Amino acid sequence: PKDPSGSPSTASIKIKKEVANAFVKRQKRSSLYSEYYKNPMEQMHERCENYPPCDYLSDQIGFSMAYNRFFG
């Protein structure tokens, strides 16, 4: 089937799985694990950065004091 522009539609384009795998690289499991499971300190930093008063105060008095003030 062709669309009005004259080029074949994406539904009609097929390639073998082996050929597709040569182009698409899968991420390694270890990198996925570290992406989903962050250490607690990094989670705390992100929580503070996502809350503007905490983020602003952390620039003024330091992260740990700002975090304890808002989420203590």
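Computed from the coordinates by the stated procedures, all read-outs in this text should not be read as laboratory data. All of these numbers come straight from a predicted model, not from anything done at the bench. All Cβ positions, even for glycine, are placed from backbone atoms using ideal geometry, and neighbour counts span all protein chains on display.
The local environment of residue 54, defined by Cβ-Cβ distances under 14 Å, has a net charge of -2 under the rule Lys, Arg +1 and Asp, Glu -1.
Neighbours of residue 63 by Cβ distance under 12 Å: Lys/Arg scored +1, Asp/Glu scored -1, total -3.
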